[in-house]
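The values are calculated or read from the model by the stated rules, or taken from the named source; none is laboratory data. All of these numbers come straight from a predicted model, not from anything done at the bench. Here the Cβ positions follow ideal geometry from the backbone for every residue, glycine too, while neighbour counts run over all protein chains shown.
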Amino acid sequence: MFTLFGIGFAAPWLLLALAALPILWILLRAVPPAPIRRRFPGVALLLGLEDDETQTDKTPWWLLLLRMLAVAAMIIGFAGPVLNPQDQRAGDGDLLVLMDGTWADARDWTRRVERVDALLDEAIRNGRRVAIVQLTDLPPDGELPFQAADAWGNRLASFAPRPFLPDQEALAAWPEQWNADGFDVFWLSDGLDWTGREDLLAALEGYGEVTVFENPRALVGLRPAEFEDGDVVVRATRSRTAGATEMQLVARGLDPNGVERQLTAADLVFAEGEAEASVALNLPPELRNRITRFELAGIRSAGAVTMTDDALRRREVALVSGRDDREGLELLSPTHYLEQALEPTADLIGGDMQDILLANPDVIVLADVAKVSEAEVEPLLEWLDAGGMLLRFAGAKLAASDVSRAEEDPLMPVRLRAGGRTIGGAMSWGEPKALRGFSETSPFYGLAIPEDVRVTSQVMAQPDPTLAERVIASLADGTPLVTRKRVGQGQVVLFHVTANAEWSTLPLSGLFVQMLERLAVSTRPAQPTAEDLEGTVWVPDAVLDGFGVVRDAGALPGVAGEDLATGRPNAAMPPGLYTGEDRRIAVNVIGAETELVATAWPASIPVEGLAVLRETALKGWLLAAALALLAVDVLASLWLGGRLRRVGSSALGGVLALALLPTLSEAQSADDLALLATAEVVLAHVITGDQRVDDVAFAGLRGLSDTLWQRTSIEPANPLSVNLETDELAFFPFLYWPVTTEQPVPSDLAYAKLNRYLRGGGMILFDTRDADIARFGQASPNGRKLQQLARPLDIPALEPLPEDHVLTRTFYLLQDFPGRHNSRDVWVEAAPPDAELVEGMPFRNLNDNVTPVVIGGNDWAAAWATDETGRVMFPVGRGFAGERQRELANRFGVNLMMHVLTGNYKSDQVHVPALLDRLGN
Amino acid sequence: MTAHGALRQRAEALAGPLPDLLAEAEHLAQAVMLGAHGRRRAGMGDEFWQYRPARAGDPVRAIDWRRSAKSDAHFVREKEWQAAQAVLVWVDEAQSMNFASDKNLPTKADRARLLAMAISVLLIRGGERVALVSLGTPPRSSQLQLLRIAQALSDETEAADYGAPVIRIMPPHSRAVFVSDFLGDLAAFEEQLTRAADRGVKGVLYQVLDPQEEAFPFDGRTIFQSVGGTLEHETLKAGDLRARYLERLAERKARLQDLARAVDWQYTCHHTGGSAQSALLWLYGAIERRR
């Protein structure tokens, strides 16, 4: 292929035509644009006028240039130019394309697929058979699947990187299964030197030529996060140490709303020559406990993600003690030893029960608290159901109370006998008791019991059929020391002794701390040993794919604890979070000790980069450019000839205007509405679609606005019409909604908006405008429509406006609420049933909210309506009585707006006598 | 409905809202033609004006015996002096008038005919006598004459590119209305105006132009052709000619104005883009020449 400036030409001889361009120039230059013939009576006046210049009969140079460019583009285009012409890769015979397919491939997977695609293209051209094999997903029979190259094109998309390294054993056995004569190998390496790679290379070299493609950039992986000195330390490692790099570490987890989001971020800096980088995050416990994984921002790979498990979580423990702390007697405090034991490993919170439950701690410790108040039992049980752990300690109070005596208290694991017992005291026969060894079913099984632990007092469990299974620790004489009961997903544990050293020496011993650990009250050591995990089965909760995306584990089978202990993910155990009985363990692609070692290929193996230089045929572009230039030439010629003047400009302007107008006006309208509605108080009505009704509603609000301006300190701006579907409602304190039978029912979205509006303190005045012919209810078409409209709305129970409602006295004292019609049927939110009239008070004591709706049919807008000049638009009633009615209608409007804007402060006046009374004293 | 019927109907519609046109009659000693114009003085006419005591020299035949019998003196019955105006209307029928720059605009010929017809309707309703020059008949004052005018105005005739009035009958001291675009040779008009001035004919030069002829909104290489196709002018940059064209047009208008002023005629220029009603009002005022 003939190549010029890196551009190859399929038909280079066509370029000779470029030589003809100068001739074309001269030809075109000689021919002026064709004239227009025009009928024009005024020609008589033109006779004898000469043109100023004679130059203009030549085509202007820029037009010539335009045409030249167009022709040149066409000539070059037809010559078939190709950018980055590729020389063919020679070779025939079978071809094996190996992809490592590990997590390290994921960061540039698309480039790899492209590379393979390019190799396939070549193979198609050369008619070679191809087999593509992913090393992390070897073909089940071990055979090399050689096929025609074009058969692989569609299947390429089904390859995906796996979040683990190739299985060494399978890989070692693989070359023995081949049944092929000889083939060339293209190996797309992930750049990591894992065991087995050299053996495979040796095997491959026996069959043919091996070419390696590799991304020379360093691989970065994230080690599991650890807990050190109160900080979360995250380490990253990389395969090549050259160069300083800065990366962003992102911690992700659920926010309080249950939405996964970035919780915090930090910079991770690799120094020049260093393979490790670390960053310490000092996070508030609440935030830290929410973190589910760390990621390196911008790298799509399972190696750049590390999931966190319980090892990172510091459990929140709430301590509640029943006794008032005695000043200065710190060591007697019921929670002192607990605090000492838990401080290093858990976050302690205090406060009253309500606050504690809000914080949703992992454990609540009740140290000698006998009674939990009625109101707290329910939320406490809910919290238990959801997995909480209630740890109770006995004490004098518990022993003295009758909690869980006759029947089992839901917050106690067992029933208690009255009084408890004291052993080994001055007045008793027995010796203080030691502990009996823990049974196999006990969570404490295996803990060594110090000799000096003695129990002198305890509360006694009532013998029950269920008692035996609930005892997890007992004294040497078999009386229960620790009992446990499961409640939902949570549990209630009772230590039958006090949490301080009053009843036993248990809190003084190391056993106490270990017991707390075993009960998962405090954090345990980070990584369990294989022995710990032996015989257990762990169920995957969430797993990572090769790209580092967290996926639901679905129905993946459980994993044996021994496998989990190796910490090395494989096909059966993808990295992820595994849940066991009472804790969770994360399996990450990169462990705490994993080294990322870059590959070192023998010098005999050619190593290429991944970059694909695609051939780009420029023909289409050049021809398109030529066409565009010719189109410009058409316009320019028309313009020169004076034919573009009217049609062109107006059409062009029209097109531009059409393109720009909607976006502009839309953007403007939303902002304008917000500004209009919020700059001042604005009354608004709902657009019903009936032009007449809308106009009256608007005029009515205008009249009401004027009235308010004149009489009160409310100074509203001009009212607005609101489209429920498109406009934001939150700006308006008040919506007038005239009901017509024809208006469309708002969409669900609009209803959601309306409900939000009502809950947010907005008020809607529904007006059926038919009080002259119908009473409130189903009787009229408008009434039925109103019920249809209001059904999805979040409207509380209603009642006819009571005589002492605050609406009757927010500004004027009113008992009638006429509009254009004079009906007494006005409905507002019902008063709470327990509102009672206090003796000697004019009003009931109603300190509730502003009523969210007022419903009536008096056609208030028509009574309020004024035109622009302030004249009333509709007659009301007859004569003076009518004017009186209009006045009352206006007063109702004023009262209503006062109610909307000031709430029920007038109601508060019922308290005035009491306040005065108190001030007087 | 025939074409002239339609033209007449449109013209009547246009003339409808105007009061009857009373052409101002100058004092013409010899104006003897009786018409419906009372001169507010005694003279020849049909309508009773006044009784006056007979004076010496009054012919006996002039004495109104019935009135005289009511008293002792003799009375003469005088009638109101009435005079009718003769108005000649010339509408340019040249091809240059058949031009409209926009399909929404009427051609100049259309507008000229409409105005001519409307003014004829007004004049005849007012009792004047009207003649269309192309008819070649003397001025008459009848509904039939209106029909004839309408017929003549609607006739399509083969005509020259640019027109000039050829007036055979020109009653002395009559009025004349020339409606044209005045784009042709002005010498012919000059000659006619001189003739008219000699005969004491007063009148109106009414120029009708298309908006495009005023604006000359052309550009680029253009060959301009007259409507009839007899004249042609080629230019390579029409835009450059605009200023000079407009200058020439203004010159021509000034010339017409001067010409009109010299013979005590009136001149105005009307554009087809403007309203026909206001054009007719002006024409009405010009012919009536109320003082």
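Numerical summary
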read-out: Complete set of residues in region B:140-176 that are more than 21 Å from B:Ala197 (Cβ to Cβ), of a type in the set (Ser, Thr, Tyr) and in contact (Cβ under 8 Å) with a residue 24 or more places away in the chain; value: B:Ser141, B:Ser154, B:Thr157, B:Tyr162
read-out: Residue count for region A:392-407, restricted to those that are in contact with a Leu (Cβ under 8 Å, 6 or more places away or on another chain) and farther than 21 Å from A:Leu338 by Cβ; value: 2
read-out: Enumeration of residues in region A:133-158 that are part of a loop (DSSP other than H, G, I, E, B) and among the charged types (D, E, K, R); value: A:Asp141, A:Glu143
read-out: Yes/no for B:Thr137 being of a type in the set (Val, Ile, Thr), within 14 Å of chain A (Cβ to nearest Cβ) and surrounded by fewer than 19 Cβ atoms within 10 Å (Cβ to Cβ); value: no
read-out: Filter result (exposed (fewer than 14 other Cβ atoms within 10 Å of the Cβ), in a helix (DSSP H, G or I) and of a type in the set (Gly, Ala, Ser)) within region A:159-182; value: A:Ala173
read-out: Hits in region B:182-228 (condition: under 14 Å from B:Phe99 (Cβ atoms), touching a strand residue (DSSP E or B) at 6+ places or on another chain (Cβ under 6 Å) and within 9 Å of chain A (Cβ to nearest Cβ)); value: B:Leu209, B:Phe224, B:Gln225, B:Val227
read-out: Considering residues of region B:236-276 that are modelled with pLDDT under 80, surrounded by 13 or more Cβ atoms within 10 Å (Cβ to Cβ) and of a type outside the set (Lys, Arg) only, the residue nearest to the chain's Cα centre (by Cα); value: B:Ala276
read-out: Identity of the residue in region A:40-56, surrounded by fewer than 16 Cβ atoms within 10 Å (Cβ to Cβ) and within 15 Å of B:Leu241 (Cα to Cα), that ends up modelled with the lowest pLDDT; value: A:Thr54
read-out: Hits in region A:165-178 - residues which are more than 13 Å from A:Gly101 (Cα to Cα) and within 40 Å of the chain's Cα centre (by Cα); value: A:Gln168
read-out: Identity of the residue in region B:93-124, within 14 Å of chain A (Cβ to nearest Cβ) and in contact with a Leu (Cβ under 8 Å, 6 or more places away or on another chain), that ends up nearest to B:Tyr284 (Cα to Cα); value: B:Lys108
read-out: Test: A:Ala697 is small (Gly, Ala, Ser) and crowded, with 21+ Cβ neighbours inside 10 Å; value: yes
read-out: Filter pass, A:Val71 being assigned by TED's automatic domain parsing to the domain that holds A:Trp194, part of a helix (DSSP H, G or I) and surrounded by 15 or more Cβ atoms within 10 Å (Cβ to Cβ); value: no
read-out: Among residues of region B:229-244, those that are more than 7 Å from chain A (Cβ to nearest Cβ), more than 19 Å from B:Asn98 (Cα to Cα) and not aliphatic (A, V, I, L, M), counted; value: 2
read-out: Criterion (surrounded by 18 or more Cβ atoms within 10 Å (Cβ to Cβ), in contact (Cβ under 8 Å) with a residue 12 or more places away in the chain and in a loop (DSSP other than H, G, I, E, B)) met by exactly one of A:Arg240, A:Arg300, A:Arg252; value: A:Arg300
read-out: Where B:Thr157 falls short, out of the listed (1) away from every other protein chain (no Cβ under 14 Å); (2) polar (S, T, N, Q); (3) not in a loop (DSSP other than H, G, I, E, B); value: (3)
read-out: Checklist (1) at pLDDT below 80; (2) of a type outside the set (S, T, N, Q); (3) farther than 22 Å from B:Val179 by Cβ applied to B:Tyr284, failing item; value: (3)
read-out: Residues of region B:152-198 that turn out to be over 18 Å from B:Gly136 (Cα atoms), among the charged types (D, E, K, R) and at pLDDT below 85, as a count; value: 2
read-out: Tally, over region B:245-271, of residues that are within 13 Å of chain A (Cβ to nearest Cβ) and of a type in the set (Asp, Glu); value: 2
read-out: Residue in region A:386-395 that is surrounded by 14 or more Cβ atoms within 10 Å (Cβ to Cβ), among the basic types (Lys, Arg) and not in a strand (DSSP E or B) present; value: no
read-out: Which listed residue is without any contact (Cβ under 8 Å) to a residue 12 or more places away in the chain and hydrophobic (A, V, I, L, M, F, W, C), from A:Ala406, A:Ala346; value: A:Ala406
read-out: A:Arg323 at pLDDT below 85 and in contact with an Asp or Glu (Cβ under 8 Å, 6 or more places away or on another chain); value: yes
read-out: Within region A:719-781, strands (runs of 3 or more DSSP E) holding 1 or more residues that are closer than 18 Å to A:Glu829 by Cβ, aliphatic (A, V, I, L, M) and in the same structural domain as A:Leu901 (by TED's automatic domain parsing); value: A:734-738, A:763-767
read-out: Hits in region A:690-718 - residues which are more than 15 Å from A:Val900 (Cβ to Cβ) and polar (S, T, N, Q); value: A:Gln691, A:Gln710, A:Asn718
read-out: Some residue of region B:206-221 being β-branched (Val, Ile, Thr) and modelled with pLDDT of 85 or more; value: yes
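Results for (1) under 38 Å from the mean Cα position of the chain (by Cα); (2) of a type in the set (Ser, Thr, Tyr); (3) farther than 30 Å from A:Leu618 by Cα; (4) assigned by TED's automatic domain parsing to the domain that holds A:Gly208, shown as yes or no for each residue.
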position: A:Pro81; (1), (2), (3), (4): no, no, no, no
position: A:Trp109; (1), (2), (3), (4): yes, no, no, yes
position: A:Val113; (1), (2), (3), (4): yes, no, no, yes
position: A:Leu119; (1), (2), (3), (4): no, no, no, yes
position: A:Arg125; (1), (2), (3), (4): no, no, no, yes
position: A:Asp141; (1), (2), (3), (4): no, no, yes, yes
position: A:Pro163; (1), (2), (3), (4): yes, no, yes, yes
position: A:Ala180; (1), (2), (3), (4): no, no, yes, yes
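Residue-wise test of (1) surrounded by fewer than 24 Cβ atoms within 10 Å (Cβ to Cβ); (2) over 23 Å from B:Ala118 (Cβ atoms).
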residue	(1), (2)
B:Glu158	yes, yes
B:Tyr162	no, yes
B:Val166	yes, yes
B:Pro171	yes, no
B:Phe178	no, no
B:Ala187	yes, yes
B:Thr194	yes, yes
B:Ala197	yes, yes
